[in-house]
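The values are calculated or read from the model by the stated rules, or taken from the named source; none is laboratory data. Keep in mind it's a predicted model, so treat the numbers as computed, not measured. Positions of Cβ are backbone-derived with ideal geometry, glycine not excepted, and every protein chain shown enters the neighbour counts. Quick note on the areas: whole protein, heavy atoms, side chains included, nothing else; ligands and nucleic acids left out. Shrake-Rupley method; radii C 1.70, N 1.55, O 1.52, S 1.80 Å.
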Amino acid sequence: MCEANVELLERVQTVIFRAQASEGTQGFAHQLERALTSMRRYPLPLRTVSDLRGLSGVNEGTAKYLARLAEDIY
C-alpha cells in the first residue's frame, strides 16, 4: 500500500459505510468495496482517472468518482 493513498482509502471506506446504510446505494457500496481492495494493493499514488481506471474491478464511473475524492485530498 502506498502511504500517499492512506487518506483517500479512509475517505472511500467512509463513503462505503454511508452507502451501505442507505437502501438505494447497496450496489454503489459493493462497487466501491471492489475498488478499495484494488486500491490497497496499488503501490503508487492514485490521483487521476487513468490511475484509478487501471485498477482491477474499477469501471469508468467509479474511477471518475474516486478521482473527485482524490482531488479534494491532493
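Which residue, of Leu9, Leu44, is at pLDDT below 95 and either under 12 Å from the mean Cα position of the chain (by Cα) or not in a helix (DSSP H, G or I) (or both)? If you could, list the steps in order and put the result at the bottom.
Details: Leu9 fails: at pLDDT below 95.
Checking each option against the conditions leaves just Leu44.
Mind listing whichever residues of the range 53-70 are assigned to a helix (DSSP H, G or I), more than 16 Å from Thr14 (Cα to Cα) and open to solvent by less than 70 Å² (accessible area, probe 1.4 Å)?
Step one: filter the range 53-70 for residues assigned to a helix (DSSP H, G or I), giving 53, 60-70.
So of that shortlist, the ones also more than 16 Å from Thr14 (Cα to Cα) come out as 53, 60-61, 63-64.
Scanning the range 53-70 gives Gly61, Ala63.
Taking Arg11, is it touching a residue at least 60 places away in the same chain (Cβ under 8 Å) and open to solvent by 40 Å² or more (accessible area, probe 1.4 Å)?
When the stated conditions are applied, Arg11 passes them.
All but one of (1) exposed (fewer than 15 other Cβ atoms within 10 Å of the Cβ); (2) in contact (Cβ under 8 Å) with a residue 40 or more places away in the chain; (3) not basic (Lys, Arg) hold for Asn5; which doesn't?
Of everything listed in (1) exposed (fewer than 15 other Cβ atoms within 10 Å of the Cβ); (2) in contact (Cβ under 8 Å) with a residue 40 or more places away in the chain; (3) not basic (Lys, Arg), Asn5 misses just condition (1).
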